[in-house]
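The values are calculated or read from the model by the stated rules, or taken from the named source; none is laboratory data. This is a predicted model, so every value here is computed, not measured. Positions of Cβ are backbone-derived with ideal geometry, glycine not excepted, and every protein chain shown enters the neighbour counts. Keep in mind that these areas ignore ligands, DNA and RNA; they rest on the heavy atoms of the full protein, side chains included. Shrake-Rupley method; radii C 1.70, N 1.55, O 1.52, S 1.80 Å.
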Amino acid sequence: MKISDKFYYRKSDSRILVGLLIMAGICMVLMWMYEGDKGTTEENGAENIAMESGKSNEKAPFHRKKQGYYYTAEAKAELFTFDPNTADSTTLLRLGLQPWQVRSIYKYRAHGGVYRRAEDFAHLPGLTVGMYRRLKPYIRISPDYLPAASLPEASYEDRDTVRFPIKLKEGEHIVLNRADTTALKHVPGIGSGYARAIIAYGEKLGGYVSIDQLDEIGDFPQEAKKYLVIENPTTRRMNINKLTISQLKRHPYINFHQAKAIDDFRRLYGPLKSLQQLKLHRDFPPKAIERLEPYVEY
């Protein structure tokens, strides 16, 4: 190609090219300014949110998404007095509890559950030791949710004296050989069980002649004996000359061997006139004869 054939721009072409370059430069400047304003706006928004949440000296955390940024700062837990039996979901969430924990509280209350003590709140699923210790000083249980037994009218001062007899005071006594179960339950240490046992054993004996006979009842409370006395004892006596071996051994003070010894004596020597006639028998030592004497006749 000859030198004379070199390409030359025409004057109109040069103007068009310069104009395109200028327009491109303007577009680049505008795009740069737009990106700068956008970043400043988002940063200011984050600072404003942080200031509202009490963290003006820290930038709120943001995460990048394809569609922009979103705020992920957790709400700060508040501390204030509350009753777990009546607190609503908004109150519980403000305390820092999770939504699923709030649902658990609602479910517990719906099934009749009641928080009677601050310690009961420790059983909330997912509640950590640290959170429980932080919340415990602020738990206030309404008196309406306390046990009814704590009411003054339910105290033992005004209790039913039929079901809960007033016990005897020091120096007061009950006549043992005249008392029924109701009277016996006034004795300190004696309840319904011992009262029934005392009456039943007295029936087997034929009546009490000594307070010490109560020791023959298993594990009888020794402190109760000082509240009991015997007055003019009368006993139900058995005729040992007419009863069979089976009938004789029903008495608490006559065992099988003693009953057989009585029967043998009657067959060999005739009717007994005194228990002293049996004193030479090995089954009738002096103590056995002495305690049986009030209950026999001839």
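Give me the net charge of Lys136's neighbourhood, meaning all other residues with Cβ under 12 Å from the Cβ of Lys136; Lys, Arg count +1, Asp, Glu -1. Here the charged neighbours net out to +2. The candidates Trp32, Trp100, arranged from most to least accessible area with a 1.4 Å probe in the full protein assembly, appear as Trp32, Trp100. Do the alpha carbons of any pairs in Lys185/Lys273; Lys167/Lys249; Lys226/Lys287; Lys225/Lys273 sit beyond 32 Å of each other, and which pairs? The answer is Lys185/Lys273; Lys167/Lys249; Lys225/Lys273. Counting charges near Gln277 (Lys, Arg +1; Asp, Glu -1) among other residues having Cβ under 15 Å from its Cβ returns a value of -1. When Asp88, Asp83, Asp264 are compared by accessible area at a 1.4 angstrom probe, the order from most to least is Asp88, Asp264, Asp83.
Counting only heavy atoms of the protein chains and using a 1.4 Å probe, Phe82 has close to 10 Å² of accessible surface. Pairs of C-alpha atoms in the range 167-298 farther apart than 17 Å represent 61 percent of all such pairs.
Annotation: Ile16 carries an accessible surface of approximately 110 Å², with a 1.4 Å probe and no ligand, DNA or RNA atoms counted. Sorting Leu20, Leu92, Leu127 by accessible area puts them as Leu20, Leu127, Leu92; the probe is 1.4 Å, largest comes first, and only protein heavy atoms count.
Return the loop-located GluC sites (Glu not before Pro) in the range 187-256 (DSSP other than H, G, I, E, B) with at most 12 other Cβ atoms within 10 Å of their own Cβ; answer none if there are none. Those satisfying the criteria are Glu231.
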